[in-house]
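J.: Below is the structure I would like to discuss, written out as structure tokens.
The values are calculated or read from the model by the stated rules, or taken from the named source; none is laboratory data. All values derive from a computational prediction rather than experimental measurement. Methodologically, a virtual Cβ is constructed for each residue, glycine included, from the backbone with ideal geometry; neighbour enumeration extends over all protein chains shown. The protein model used for the area step is the full one, side chains on, heavy atoms only, and it has no ligands, DNA or RNA in it. Shrake-Rupley method; radii C 1.70, N 1.55, O 1.52, S 1.80 Å.
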Amino acid sequence: MSTETASQAGIAESASPRLKLGALTALVVGSMIGGGIFSLPQNMAAGAGAGAILIGWAITFVGMLALAFVFQMLASRKPEVSGGVYGYAKAGFGDYMGFNSAWGYWISAWIGNVSYFVVMFSALAFWIPAFGDGNTPTAIVCASVLLWCLHFLVLRGVHGAAFINTITTIAKLVPLALFILLIVFAFKVDTFNLDFWGNAKLGSIVDQVKSTMLVTVWVFIGIEGASMFSGRADSMKDVGKATVIGFLLTIALLVAVSVLSLGVMTQPELAALKNPSTAYVLQKAFGTFGANLMNAGLVISVGGALLAWTLLAAEAPYLAGKDGVMPKVFGTVNGNDTPAASLWLTNGLIQLFLVITLFSSAGYLALLSLATSMILIPYLLCAGYSLLVARRGEGYAQGESAAKEFWTAALATVYGGWLIYAAGPKYLFLSMILYAPGLLFYLWAKKERGEKPFNLIEAVLAAAVVVLGVIATWQLAVGHISL
């Protein structure tokens, strides 16, 4: 970065408004609540009865609450470390692991945004059949127009976009709140208690609980939303508060939507529904009005999630570029304090993949399955870093005990490892295909700064990533393994 550009970036960053608690909480909720919640009744009921679903949610609550407390603890104990999953991975495990955290997070975020566009226009097909499954020529053209509208909105300033995200987050909560309220009136205890522990086809309680928890692996992605923008926050305390508040609000909605639906339709009926299943649940209770409400809610919700994840996706390369582990061009901002280069690259790739979905929806869906698993690795690194901070007593006053936070971090680390296992070890192996090319960007960045790229351990890790990436590519090409 030239002296002039760096100076401009510094002035823009210092002069721009700071994100307060409300905006940070909206980023957490807005990124976690997308289209998945509208399919949750069917997704949960497909493999479990009401009793197992409640147990699964209870276990998930403990694990994810520990992870939320990790982000809160790190914001409090390490206020000098900004950048969320990238910053914590870098602080705990060095530049190369920090880079991989940012790289994996970024790829997962922008490929996920492609899926949001497809889901949104698939939902709009409820009223406009030309959109089909969300990947027809008409749908792709309209999605492309929306993509670049969002792009230029964010270019005008992250703070302004975050404000609009707050509005859209509130808007998406309205149909969900109405769904819960209406379902409460339609709820029947006898229906809920029917086959409470599931039937023989669903397997044992343990199998049912595992099935439930596999669904919950993905519904909390976005919990790091506030911490990713900690460098733009008004207060690091607000970052921690926003994470916990956002998590509690989100899990309350998720549990209510999935559990209350079992009092309107039986488990086999819910399992047989098409998605978004909330539309059919409400349709049974209140007719066509219910289906219209939920499909409209899905469109609003996914639209809000698109904006939140556009912000998050652009922020990851910017943070890494600013720190010198991505090429310096990605660490620059425009006059509105927006990471323009990062945003152009991100949305350019989204546009490319929107076109790819037009010709190869199967190939895109396979890549989505692979990319989404990449976002779980940064979570594990954050939990591991919090464990190191607590064990070393860093950021604690003299005589202050770190025992409670140490065990919370240990629980979050175990849960983070379980998330990766639940997503599938196969995907962890295949994700090396996407991690390996990142090495070129990392080496580019280090060359720009005239720095040695690796220590011995990092060199071994980099070599392992490349070797595994090559092996995975070969095994995929010859058909020994499939997505």
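J.: Determine, from the Cβ-Cβ distance of Ala252 and Lys447 and an R0 of 56 Å, the FRET efficiency 1/(1 + (r/R0)^6), rounded to the nearest 0.05.
T.: So, using R0 = 56 Å, E works out to roughly 0.70.
J.: Continuing with the same structure: Just add up the charged neighbours of Thr166: K/R +1, D/E -1, any other residue whose Cβ is under 15 Å from the Cβ of Thr166.
T.: In short, +2.
J.: For helix 340-359, report the angle its Cα long axis makes with the longest principal axis of the Cα atoms of the chain; keep it between 0 and 90° and round to the nearest 10°.
T.: It works out to around 40 degrees.
J.: Let me ask something else. Taking the 0 to 90 degree range and rounding to the nearest ten, how far is the long axis of helix 376-392 tilted relative to the main principal axis of the chain, both from C-alpha atoms?
T.: Between the helix axis and the principal axis of the chain, the angle is about 60 degrees.
J.: About its Cα centre, what dipole magnitude does the chain give when the only charges are +1 on Lys and Arg Cβ and -1 on Asp and Glu Cβ, stated in debye to the nearest 20?
T.: With only Lys, Arg, Asp and Glu charged at Cβ, the dipole is about 100 debye.
J.: What number, in percent, do you get for the relative contact order of the chain if the mean sequence gap of Cα pairs under 8 Å and at least 6 apart is divided by its residue count?
T.: About 30 percent, as a whole number.
J.: Could I ask something else about it? Quick check: the angle from helix 288-322's long axis to the longest principal axis of the chain, C-alpha only, nearest 10 degrees?
T.: Helix 288-322 and the main axis of the chain meet at about 10 degrees.
J.: If you roll a 1.4 angstrom probe over the protein chains with everything in place, what fraction of the accessible area of the stretch 235-279 belongs to carbon and sulfur, to the nearest %?
T.: Roughly 69 percent, rounded to a whole number.
J.: Quickly work out the Lys404-to-Thr288 label distance, labels modelled 7 Å from Cα along the C-beta direction, and quote it in nm with one decimal.
T.: According to this spin-label approximation, the distance is 5.6 nm.
J.: Take the Cα pairs of the stretch 21-424, get the Kirkwood Rh, then feed it into Stokes-Einstein at 25 °C and 0.890 mPa s and tell me D in µm²/s.
T.: Rounded to a whole number, D works out at 114 µm²/s.
J.: Can you give me the long-range amide H partners of Leu19? Hydrogens built in the peptide plane at 1.01 Å from N, cutoff under 5 Å, separation of 5 or more residues or another chain.
T.: Ala233, Asp234
J.: Also: So what is the calculated 222 nm ellipticity per residue for the chain, using -39500 (n - 2.57) for each DSSP H run with n of 4 or more, over all residues, to the nearest 500 deg cm²/dmol?
T.: -25000 deg cm²/dmol
J.: Order the peptides 168-177, 232-241 from the highest to the lowest mean number of other Cβ atoms within 10 Å of their residues.
T.: Ranking the peptides 168-177, 232-241 by packing returns 232-241, 168-177.
J.: May I ask which of Lys188/Lys241; Lys328/Lys426; Lys172/Lys274 have a Cα-Cα span longer than 32 Å here? Before the final figure, lay out the partial values.
T.: Values: Lys188/Lys241 36 Å; Lys328/Lys426 34 Å; Lys172/Lys274 21 Å.
Table pairs above 32 Å Cα-Cα are Lys188/Lys241; Lys328/Lys426.
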